[in-house]
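The values are calculated or read from the model by the stated rules, or taken from the named source; none is laboratory data. Given the structure is predicted, the values throughout are model-derived calculations rather than measurements. Neighbour counts run over all protein chains shown; Cβ positions are idealised from the backbone, glycine included.
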Amino acid sequence: MFITFEGIDGSGKSVHSKLLFNYLKKKHVKVILVREPGGTKIAEQIRNILLDKKNKEIFDMTEVLLFLAARSQLVHEKIKPALKKKYWVVCDRYVDSTIAYQVYGKGLKFNDIKKINNIATNNLMPDITFFLDAFNIKYINFQDRIEIRNYNSYKKIYDGYKKIARENPKRFFTIDTKCKRYVAHENILKVIDIFLKNKQNKK
Ligand code: TYD
């Protein structure tokens, strides 16, 4: 299984991906946890370029190609080999981040980005995507270049995510993360337990 977490900055992705990773380990599922941009030595170096506050002159297309370069490295170096060895993969952000941030947030062309997403990932799509639904811009601490945005651009990204979720109902599960953390975690586990049961039945 390939599981991704999506949502705007501050929606709880890193917490919930870690909680799910720990839960799966406890259930003796072979699993790895990775994040984007990053997750490999080369991709972490690309991440540093992307998040560096000094890199103000970066063009939107340069930026998206760097995200995709990092993704390509992560997919080929870690995700595909893990899935081949029957590991589950939990990934904090993936292709939908690029659609939400670069297409709906920055206005790049959907078809172009979809095409290069497919090229970078060799068409590898997640089995499950959790969209963490929270719009708490006041909790974002504006530390890096990418996080320096205003309310309107976050709203565009958030609405973009909701549109992607509506258009991909089979893969997407929307989880309200405005409630208590353990409640949101339990709602994630309700989805996961169905897949775990299917796996056990197949044995
Ligand atoms: P990060 O510090 O990892 O933020 P978060 O914890 O919210 O994931 O920074 C990643 C930033 O990069 C985040 O603001 C989202 C943005 N991003 C894109 O704009 N496009 C992408 O394709 C990806 C993967 C991330």
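Pull up region 1-52, narrow it to residues that are hydroxyl-bearing (Ser, Thr, Tyr) and over 28 Å from Lys155 (Cβ atoms), then point me to the one that is nearest to the ligand (Cβ to nearest atom).
Top of the filtered list is Thr40.
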message = Cβ-Cβ distance below 8 Å, separation of 6 or more or different chains: which pairs start in region 179-191 with a residue that is more than 18 Å from Gly10 (Cβ to Cβ) and end on one that is among the polar types (S, T, N, Q)?
response = none
key: Matching option when the condition is more than 15 Å from Thr4 (Cα to Cα) and touching a helix residue (DSSP H, G or I) at 6+ places or on another chain (Cβ under 8 Å), among Arg93, Arg166, Arg181   = Arg181
ask   = Within region 122-130, is even one residue over 15 Å from the mean Cα position of the chain (by Cα) and either aromatic (Phe, Trp, Tyr) or surrounded by 12 or more Cβ atoms within 10 Å (Cβ to Cβ) (or both)?
value = no
query = Does Lys106 satisfy being at pLDDT below 95 and not polar (S, T, N, Q)?
reply = yes
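Could you please give the count of residues in region 34-49 that are touching a residue at least 12 places away in the same chain (Cβ under 8 Å) and surrounded by fewer than 19 Cβ atoms within 10 Å (Cβ to Cβ)?
Filtering region 34-49 for residues touching a residue at least 12 places away in the same chain (Cβ under 8 Å) gives 34-40, 42-43, 46-47, 49.
Cutting the leftovers down to surrounded by fewer than 19 Cβ atoms within 10 Å (Cβ to Cβ) gives us 40, 42, 49.
Count: 3.
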query = Do you know which of the residues in region 18-33 that are of a type in the set (A, V, I, L, M) and closer than 11 Å to Tyr87 by Cβ is surrounded by the most Cβ atoms within 10 Å (Cβ to Cβ)?
reply = Leu24
